[in-house]
Each structure stands twice: as structure tokens, then as C-alpha cells.
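Notes follow once the structure below has been shown.
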């Protein structure tokens, strides 16, 4: 695998000797630390040598690997690597610095892909490699605190090998956290609804990651587990909040934590939804007063319980809090890192960058590489590299670099977008010279597949250009959209009532003005179905061509690279073809249904069902590819729900069949030609129908 030396970090190399040093699979690791986290990294480094050279130990002289932490260095997250003949010494300024030094060596010298657990791509084994002797010292990262947010349990619960009720599989979570450290992350929000003493949170801490917290779970508390029969109201039940937060802080004491100061409602909505003394119509200043009281209470509790007078704290400007902050109504402790949030689709709200004027607090961002809202989750992802490049350029140029939280969604499928964001999080200077993110397609293919194949590069570009939008060119519907679409359209058709909210923000094509003039149900449904049909037919044609191109592109790859390309691009492309075709056939079927052309409706619905079944079979192929370490995670990804499309369409077909025209008794010609039965039904429009010969009981 081709890798530019020190491709992730900006490193200064001081060559103390121009001689080459041989590396091979015979190492002895001396861990001079008492760190549990370093022990995990030590195990990974041993395995990385085997990945590079094979598992057979070399008969050459043993290479000594020395692991140190130099606390006198007194800086955050820095390392140096000293390479000499027969010895490699790693020194970190702290635990994280040493961990990142070890994994940097694995990537840049041994050629190990940081995503190796998910990609199964390993370098061709060789007996030895020659590297230059010298000292490598890391430079500061673009963002100081770099955090992954694994959004919602249902996105990763299927990775487990046990039953769901056993909780997170720690074997998988160890590899997950290791991947984060390989990518030079400093922290993690390991899931939503994570209790402060859960085993996977403890594992993340033991492996050296800072624990960060969801914006709606302040100080690590989980409002969804609020005590029953107690109103979630600060105004009336303050003492319960204090105990709730105190318990959460106590359970995390002793860990490295970036504490979230925040206040939202019981179900991650505005807090006034649950407070009898404050309402939606209350003055913004009154709402902010409550939030300020909460923030100060939380901060005082953190200091009291941890004994730290300057704890690491952050505040998310998600939802209504952004408006309060921009108006100068919120008061955070002086060292708080304020995280400005994107809108879920990679782009930040207007006015974000200007809102920092006269603000002396720390600044960071909360960014999505994948957003889940039953419309936009997509295998790989829907946010174009150009958008991520543009928005990160703005954030960094305005100094929003104290902290970044990246919402990675279902991680296995988001490697394309996560890798781009990791590049920017660690060393944006290496990429800022590019005018857009278009270059990233070439970079990614070269980095992951060790090729500059135009066919493979184009398949990634086409994956993004094939996606349609519904009025917002930067907001593409993903595979969540398709079940949502089928569900919403069928509800309207069965109830004979159009839901205007369905197209309030998004609309297919350019006919919104004409649509708004329509009043009755049938005219609205006919109009919208025709508009969607046009969108789907156009996209289906593109996806069909792209599927053919991915078959061609596969011929340039072998082994693990071929398997990963299939999972990362070829199979998702094929799945999108079938989902788009399903939507087109379903749209056509529903149009026939509403216009009482029931047999045509049945035929189109069956075609849609077949596409849904093929999409589900592709999901199974993706799950079972490679070393088979994943199980049922599409089933538990309760946002995409592709499997539900099949169930709903089966019920829909049964409903169509049950209409009066389909209650008639069939006339069978004979058992060998069941396919002509439909010709004897009264809805079969043919001038020859009366001439057909009825052959009952024929053999």
C-alpha cells in the first residue's frame, strides 16, 4: 500500500544518521509505563508487525521497542519516535501522546491502514523493510481535542456477537476504540443513552480516550432514565436534578472527561416542553435565565465532586441554545469550549462565523459526517466532499479549533467521509491549498486501494452525483428516505388525505408553485406522484449505468482491496439502484391504484417488491463479506429500515389483490401455464379476450 511518509501528521524529521535501519518481525517490547492504555497499544503494535511481515518470527536479531512517558515535557498529546539500529524508542508527553506515536509508526512505517479492522486491507507481507534512522517529533494537530460521537446504540448494536440484551460486545468495542486512537482521536462519546458506569464507557477510558458527552446528556446523565412520576422541571424539582447529576459525576470521577454543560428537555427537545413555569412563548431572556442557572449548578457540582477547579467543559449550541447564545443571553464558565453545530448535513447555519465576535470562550464545532433523521442516512454518506472541505475551511480559518465532535453514525459504512474529516481534524494545512474537496476522490482511492484507476475514482464520484435532491442541492436523501417515502405515501393513499408536512421543506422537481394551487386530495396526489416518478426515473437510469461501471472497476483489484471496494462502493451502488427502482415502481403502482387501474397497480407493486428484496439481499452480502465479524447490524439500524420496505409492500400487494376485481375466481388453462391466468380476468383490456378458449381441468 502506497503511503506518503507521515501522511496524517505534520512531522519534523531530524536525521541523526543517513543509514537505513531494517525492520522485521522479531521485536521485544519494553513498556516503561504503568498505563493500562499503553498495554492495549502494545498488543496492537505486536499484531501490526505480523500484519506487515507475516506471523512467522524472523531469525534476525531482536529489535527492542521502548515505550516511555515523559511528564516533564508538560505539553498535551505530543510524541517523538527515535529510530536506531536494533532499537525504536517511543516517548509521549502524556498517555495520549505515546498512544498516537505508536499508531503513527504503524501507519507511516509499517503501512497499516488505521481502519484495518473494518477494511481488512493489509499490506503485502515482506521479510523486512528499510527505513531511515532518525528522530521524528510531532507537531500540534489542527484541532486540540478530537472526538468521535457514535450516534445512538441502534447504529452499532448489530456489531455484537452475543444477543442484544447482553449489551455492547466489548471485543468489538475494543477494536472500535483502537481504530479511533489509530486515527489520532483524543476522545469519544461511545453511544447515546450511555450510563456513567457502563462497561464500554469504562473500556474507552481504560484505552486512553477522554470521555465526552452527548449534547442532551449533561455531565453524563441520561434524561431518558429520569425517575418515574417526577416532572422533568427545573423550576419545580431542582433537588432531583442535583441528585441526578451528582450521581452521574460521581460514577465518572477519576476518568479523563470533557464535561457537557447543557439543559434540554426530557426527550432532547426544548426544556420548556416539560416545565410548567416556562413555555414556548416565554421571552427568550426568561428561558436563558433557566439555562444559566442549570449550567452554573452543573459546573459547581463538577468542581466539588472531582476536586478540580478548572475541569474541561464544553457547551453545544444545538437547537434553541444557538439562538440564545448568539443574542448574548447565555453565560458559560470562562474556560468552556463552545461547540457550534452544523445543521446535520455538513453545512453550518448562516451567521455562525460572525457570532464569535466579542466572545472570549473556547471555540469548536459539532459536525456530522452522517445524519440520521429517517431521510438522509446512506451507505457511505450523502455529504459531498466539497461541502466538508468548504465548511471545515471556514471553521478553521475562524479559529474554531479548540475541540471538534464528529458524529460518525454507523461507522463501518462511513469510512469515506470519516477519513476526509480525520485528515482535516489532524492536519488541515496539508489540504487547505485545494480549492474544493474534489481532489479527495483521487486521494481516497489511492490511499485505500493503492491505485489511480480512473474507473474506481469515477465510481466514487458518480455515487455522489447520482443522488437526487428535493429542493436543496446540498441535502441528499439517503436510504432512510425510501422507507419513509413508502410509508408516508401509503398512509396518505389509505386515508385519502394529503399530508402537506410531507413536502413542506422538500419538494421533487420545480413544480412547487403549481402544486400549492391544488386543493383536493386526488389532484395533489397525482401531481406529486408524477413529480416523484420523474425524479426516480432519472436517478434509476444513472444508477443502472453506475452498477455496470462498478463491475468493470472490480477487475483492477484483488484480495482485501477488492472485498473492501465491493463493500464500500460496488454493493452500495447496486443497492441504491434497487431502492431507486423500487421507489419508481411503487410510485407508478400507487398512481394506478388511486386511478382504479388495479391490475396495473399490482404488477408495478410486485416489481417494486422484487427490487426491495434484492436491496435486502445486498445488505446481507455486505454484512457477511470479509472475515464475517459483523452480524445483523442492518437489521438493528432502525433508521434505514430497508427490511421494512419489503414487509410494507407485501401488505400493500395483499390489499390491492383483495379489491373486488381480484376476488373473482380464476379460470386456469392448465397447471403448466399459470402465467396466462390474468388474461381471463375482466380487467384484461384486449379485443381478443372473448376469443380465448377456456380449458378447464386440462392436463
Yes/no for residue 363 being at pLDDT below 80 and not assigned by TED's automatic domain parsing to the domain that holds residue 583: no
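On the given criteria, is residue 102 in a helix (DSSP H, G or I), in the same structural domain as residue 26 (by TED's automatic domain parsing) and under 29 Å from residue 413 (Cα atoms)? Explain how you work it out, then say what you get.
Numbers: in a helix (DSSP H, G or I): yes; in the same structural domain as residue 26 (by TED's automatic domain parsing): yes; under 29 Å from residue 413 (Cα atoms): yes.
When the stated conditions are applied, residue 102 passes them.
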Any hit, segment 225-233, residues being in a helix (DSSP H, G or I), crowded, with 24+ Cβ neighbours inside 10 Å and free of Cβ contacts under 8 Å to residues at least 60 places away in the same chain: no
Of all residues making up segment 516-525, the number that are surrounded by 15 or more Cβ atoms within 10 Å (Cβ to Cβ) and either within 16 Å of residue 489 (Cα to Cα) or within 33 Å of the chain's Cα centre (by Cα) (or both): 3
Residue count, segment 581-601 (criterion: crowded, with 23+ Cβ neighbours inside 10 Å and more than 13 Å from residue 529 (Cβ to Cβ)): 2
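Each row is one residue, and each column tells you yes or no for (1) assigned to a helix (DSSP H, G or I); (2) closer than 27 Å to residue 171 by Cα.
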| residue | (1), (2) |
| --- | --- |
| 208 | no, yes |
| 236 | no, no |
| 241 | yes, no |
| 244 | yes, no |
| 248 | yes, yes |
Segment 435-446, residues that are surrounded by fewer than 18 Cβ atoms within 10 Å (Cβ to Cβ) and under 26 Å from residue 557 (Cβ atoms): 438, 439, 442
Subset of segment 463-483 that is within 19 Å of residue 504 (Cβ to Cβ) and over 19 Å from the mean Cα position of the chain (by Cα) - its residue that is surrounded by the most Cβ atoms within 10 Å (Cβ to Cβ): 470
Some residue of segment 290-313 being under 23 Å from the mean Cα position of the chain (by Cα), within 26 Å of residue 236 (Cβ to Cβ) and either assigned by TED's automatic domain parsing to the domain that holds residue 226 or at pLDDT 90 or above (or both): no
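The values are calculated or read from the model by the stated rules, or taken from the named source; none is laboratory data. Given the structure is predicted, the values throughout are model-derived calculations rather than measurements. Note that each Cβ is placed from the backbone with ideal geometry, even for glycine, and that neighbours are counted across all protein chains shown.
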